Amino acid sequence: LSLLAINVGKADCLLLRSGETAYLIDTGTKKTADQVLEVLNACGVDHLNGIILTHTHADHAGGLKKIIESNLPVDAIYAPSFYVLKKEDGKHPIEKALKKTEMRVIWLNAGDEIPLDEGHLQVLGPVEKDEIENNNSLVLLAEGGGGSMLLTGDMEFPEEQTLLQRGLLHHVDVLKIGNHGEGDATSEALIAETTPSLAIISTNTEEEPDTPDPRVMKLLNQYQISVAQTQETNTGVLITIKDGQVLTEYK
């Protein structure tokens, strides 16, 4: 099981691979779409089993249209069934991106499974709609290679609390820190329950000066959790779980 957290500035874009399957989880911004396509090509990805949007914000979904319009074959688009658009008459990023295609859209709910060769990919949340779009983020549990990864989109405290109260969160080896390491996410309760050995933060401090938040960094240090940040790399952070061991490479 491998995860490449691509350096797309303060945005999010993850390449999840297991066996013969490859998913792009979030797409960065419109400006970084060409960069993402170059990274996928360099990684030998000539086909995606799916693109998974955690939520509608432009720093997660902005690159979708350009990636769809490229020559890269994509089997399906996944997104949470709960979402809040910025404008009442606004369009979902999927609607804009797929306007000229006949691609399949799969709307996800908590408990759903996404096919993953040699592993499991399960939707843990959102379990209810929130008026704050970050708290409608897909929360995904990826398992394979004898370990697990929790991928949280921009989940903030309210969604964390809901998932904790429902007993849906447990120990994982790798945690993708929610909302770029902002102070409104990553509670001590979340860290105490998941006890990861590695945390990944996708951000750029120059673009978003309040990330990662000092409280979050102090909390991770308190729990002796190793931290990898995309902004410390050229291409991104590659995390591989093999035979239960977590390996980290800066690309």
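The values are calculated or read from the model by the stated rules, or taken from the named source; none is laboratory data. All values derive from a computational prediction rather than experimental measurement. As a convention, Cβ positions derive from the backbone with ideal geometry for all residues, glycine included, and neighbour counts pool all protein chains shown. Accessible surface areas use protein heavy atoms only, side chains included; no ligands, DNA or RNA. Shrake-Rupley method; radii C 1.70, N 1.55, O 1.52, S 1.80 Å.
Confirm whether Leu53 is in contact with a Pro (Cβ under 6 Å, 6 or more places away or on another chain), closer than 28 Å to Ser148 by Cα and surrounded by 19 or more Cβ atoms within 10 Å (Cβ to Cβ). Show your work before the answer.
Values: in contact with a Pro (Cβ under 6 Å, 6 or more places away or on another chain): no; closer than 28 Å to Ser148 by Cα: yes; surrounded by 19 or more Cβ atoms within 10 Å (Cβ to Cβ): yes.
Against the criterion (in contact with a Pro (Cβ under 6 Å, 6 or more places away or on another chain), closer than 28 Å to Ser148 by Cα and surrounded by 19 or more Cβ atoms within 10 Å (Cβ to Cβ)), Leu53 does not qualify.
Which members of segment 10-26 meet the condition of being open to solvent by less than 10 Å² (accessible area, probe 1.4 Å) and either of a type in the set (Ser, Thr, Tyr) or part of a loop (DSSP other than H, G, I, E, B) (or both)?
Of everything in segment 10-26, those that are open to solvent by less than 10 Å² (accessible area, probe 1.4 Å) and either of a type in the set (Ser, Thr, Tyr) or part of a loop (DSSP other than H, G, I, E, B) (or both) turn out to be Ala11, Asp12, Cys13, Ser18, Tyr23, Asp26.
Given the conditions (1) part of a helix (DSSP H, G or I); (2) touching a residue at least 60 places away in the same chain (Cβ under 8 Å); (3) open to solvent by less than 10 Å² (accessible area, probe 1.4 Å), which single one is not true for Met149?
So the condition that Met149 fails would be (1).
So the check is Cβ under 7 Å with 6+ separation or different chains; which pairs have a first residue in segment 187-213 that's free of Cβ contacts under 8 Å to residues at least 60 places away in the same chain and a second one that's acidic (Asp, Glu) and surrounded by 14 or more Cβ atoms within 10 Å (Cβ to Cβ)?
Note: pairs meeting the criteria are Ser187/Glu160; Leu190/Glu160; Pro196/Asp173; Ser197/Asp173; Leu198/Asp173; Asp210/Glu182; Asp213/Glu182.
Among the residues of segment 113-128, how many are surrounded by fewer than 17 Cβ atoms within 10 Å (Cβ to Cβ), part of a loop (DSSP other than H, G, I, E, B) and touching a strand residue (DSSP E or B) at 6+ places or on another chain (Cβ under 9 Å)?
Qualifying residue count for the region: 3.
What is the number of the single condition among (1) among the small types (Gly, Ala, Ser); (2) touching an Asp or Glu at 6+ places or on another chain (Cβ under 7 Å); (3) loosely packed, with under 14 Cβ neighbours inside 10 Å that Ala185 does not meet?
Here Ala185 meets the rest and fails (3).
Look through Asp46, Asp34 and report the one residue that is over 18 Å from His92 (Cα atoms), charged (D, E, K, R), assigned to a loop (DSSP other than H, G, I, E, B) and open to solvent by 10 Å² or more (accessible area, probe 1.4 Å). Full working, then the answer.
Values: Asp34 fails: assigned to a loop (DSSP other than H, G, I, E, B).
Testing whether each residue is over 18 Å from His92 (Cα atoms), charged (D, E, K, R), assigned to a loop (DSSP other than H, G, I, E, B) and open to solvent by 10 Å² or more (accessible area, probe 1.4 Å) leaves just Asp46.
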